[in-house]
Each structure stands twice: as C-alpha cells, then as structure tokens.
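The values are calculated or read from the model by the stated rules, or taken from the named source; none is laboratory data. Keep in mind that what you see is a predicted model, and the values were worked out from it rather than measured. Here the Cβ positions follow ideal geometry from the backbone for every residue, glycine too, while neighbour counts run over all protein chains shown. What goes into the accessible areas is simple: the full protein's heavy atoms, side chains included, and nothing from ligands, DNA or RNA. Shrake-Rupley method; radii C 1.70, N 1.55, O 1.52, S 1.80 Å.
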Amino acid sequence: MPVMGIDIGGTGIKGAPVDTDAGRLTLERVRLLTPEPSEPQAVIGVIREMLEQFADTDGPVGITFPGVVRDGIVRTAANVDKSWIDLDADALFTATLGRPVTMVNDADAAGVAEMRFGAGAGHGGTVLMLTFGTGIGSALFVDGRLVPNTELGHLELDGHEAEHRASAVARETHDLSWEKWAGRVQDYLRHVEMLFSPSLIVIGGGISKKPEKFLPYIKVRADLVPAKLHNDAGIVGAAMLVTSH
C-alpha cells in the first residue's frame, strides 16, 4: 500500500503517494502554495486539501519540515512562520488530520531517499546531501547512518548565512548568472568540506534537474553529483521515514 509523503517548503507544499519499496511516486505529485503567513493551522488546511486529492491513500503520512525536528517537535523554523517553534507537530497533525503523522527535517528526508534509491546508494564513508531551494538544507551520513538535523545552510559565508548567499532563491533574488552563483556555491562547499571531509556531495532540490548549468564551474575535492530523485526526494524520504517509526 502506498504511503503518503508531503514536503513543506518555504514557497510550495508538494505531495504524492509513494511506493516505499521502489522509491517512486505512484501518482503525479500535487503542488500547492505555502500559505502566507505559514502558521501551523494554515499549513494544515493546505495539507488537508492535498490529502483530499489522494483519497485512496488513507494511511499514515510522512511530512517534511524546513527546520530542526526532534521526536516530532519542531525546534527551529528557517523559512516559515516562527509560531512553529516548540510545537509538537506530530501530535497536532495526527489529531487534526485523524491519521498518524510523522514529521521530519526536509533535507534529512531527501537524503534518506537519495542514499537508498538515488545518487548515494551503495556509498560508505561520509556523504553529504545538500538541497538548494528557498534555503539550503543538509543531510549528513556516516557509513549510511543519518546524523539528523545538521542545518548546515546556516553556516556563515562572507559575513552572511550561507543560504542567504548561495540558495537557489538567492540566485534569483540577486539576478546572478549561473557561473557567478556557482562561485558562491563553491565557496560554501569548500567551507563544508573543511569541516566534514565528505567523499561524496549530492546536490538536490529543483536545481538538480539542471546540473549542466552550474556543476562544471564548481571544483571541490569530493565527488560532486546531482540528486537522482530531483525534487521528489523529500516526498519519497518522508514516506520512507514513516515506515521506520
């Protein structure tokens, strides 16, 4: 039976049923706009609307969140409303939606999917997954085991949070060419390499569908590859992490 996976982002909320044995969506995903302001009850309303479009998938739901989530409790909220902080999201969503809900960090979910079904499959040692979107998400793996909630997008780069300089949205906001943006990403990746010395870095998010536009400009020590599941990785990983709880 497919498991519903939902990926909450700063600008959009995406979801679809997932075959967790195959690591693929079983139906075309739906994308709805993240509400403004993105308070919990408003987001629940959007997710309820999304679930109604997949009425046959009525079991548990995995949901990603752009921030630190420990045991279903939100601890930080980077690109959504601050009223999420310290919320027991698992309990609230389970009670409100009337079905079991597991909430996890968005990049961790994407990383879990890529390590099982995508670019990280079969890799040991230290592997880092970075998602470039509204912000920069990170998922760190050591011999296949997740180190949760690393949030490396908030490292300092040139006196600013890295995601304010090098996220996909930053490229658009500052009207940067792909080459100039790649230079910022390279500076960020080299800083992360200094800290963790990964043997593989997987680049995810929507930009992973266009690796030819920026990867040729980036030189780092680690092997650098685009995510294979592209922007579906968070949805797939959210559903996978439901089955592991």
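Residue separation times 0.36 nm, minus the C-alpha to C-alpha distance between LEU33 and SER199: what's the value?
Taking 0.36 nm per residue and subtracting the Cα distance, the gain is 56.1 nm.
If packing is taken as the average number of other Cβ atoms within 10 Å across a peptide's residues, how do 200-211, 225-236, 128-139, 104-115 rank, most packed first?
In descending order of packing, they fall as 104-115, 128-139, 225-236, 200-211.
Taking H placed 1.01 Å from N in the peptide plane, check which residues at least 5 places from GLY205 or on another chain put their amide H under 5 Å from its amide H.
Under 5 Å from the amide H of GLY205: PHE132.
In Å², and per residue, what accessible area does the range 134-245 have when probed at 1.4 Å with the other protein chains present?
Ligands and nucleic acids excluded, the figure is 47 Å² per residue.
I'm spelling it out carefully: the read-out is Rg and Dmax of the Cα atoms in Å, the candidates are (1) 16.9, 49; (2) 17.7, 51; (3) 21.4, 70, and one was derived from this structure. Which label?
Evaluating Rg and Dmax of the Cα atoms in Å on these atoms matches (1).
Among the aspartates and glutamates, which fall within straight-line cross-link reach of LYS228, defined as a Cα-Cα distance under 12 Å, with same-chain neighbours fewer than 8 residues apart omitted?
Once the sequence-local aspartates and glutamates are set aside, what remains near LYS228 is GLU114.
Divide by every residue of the chain the summed helix terms, -39500 (n - 2.57) for each DSSP H run of at least 4, and state the resulting mean residue ellipticity at 222 nm, rounded to the nearest 500 deg cm²/dmol.
About -9000 deg cm²/dmol.
Which values, in whole Å and largest first, are the semi-axes of the equivalent ellipsoid of the range 159-238 obtained as the square root of 5 times each eigenvalue of the Cα gyration tensor?
Each semi-axis is the square root of five times an eigenvalue, giving 19, 17, 13 Å.
Just order 187-196, 162-171, 71-80 by mean Cβ neighbour count inside 10 Å, highest at the front, would you?
162-171, 71-80, 187-196
Taking all protein chains in place and a 1.4 Å probe, what share, in percent, of the accessible surface of the range 58-196 do carbon and sulfur account for?
C and S atoms contribute 49 percent here.
For the range 1-77, what does the accessible surface come to per residue with a 1.4 Å probe? Please give it in Å².
45 Å²
What is the calculated FRET efficiency for THR96 to LYS219, with r their C-beta to C-beta distance and R₀ = 35 Å, to the nearest 0.05?
The value I calculate is 0.15.
Which value in nm describes the separation of the simple spin-label points at ASP71 and HIS174, placed 7 Å from the Cα toward the beta carbon?
Here the answer is 4.0 nm between the modelled labels.
Just name one of TRP178, HIS154, VAL242: the one whose Cα is farthest towards the positive end of the charge dipole of the range 150-245 (beta-carbon charges, Lys/Arg +1, Asp/Glu -1).
TRP178
By the gyration tensor of its Cα atoms, with a ≥ b ≥ c the square roots of the eigenvalues, what is the shape of the range 1-94: rounded for a/c under 1.5, prolate for a/b over b/c, or oblate?
Prolate is the answer for the range 1-94, as a/c is 1.5 or above and a/b outweighs b/c.
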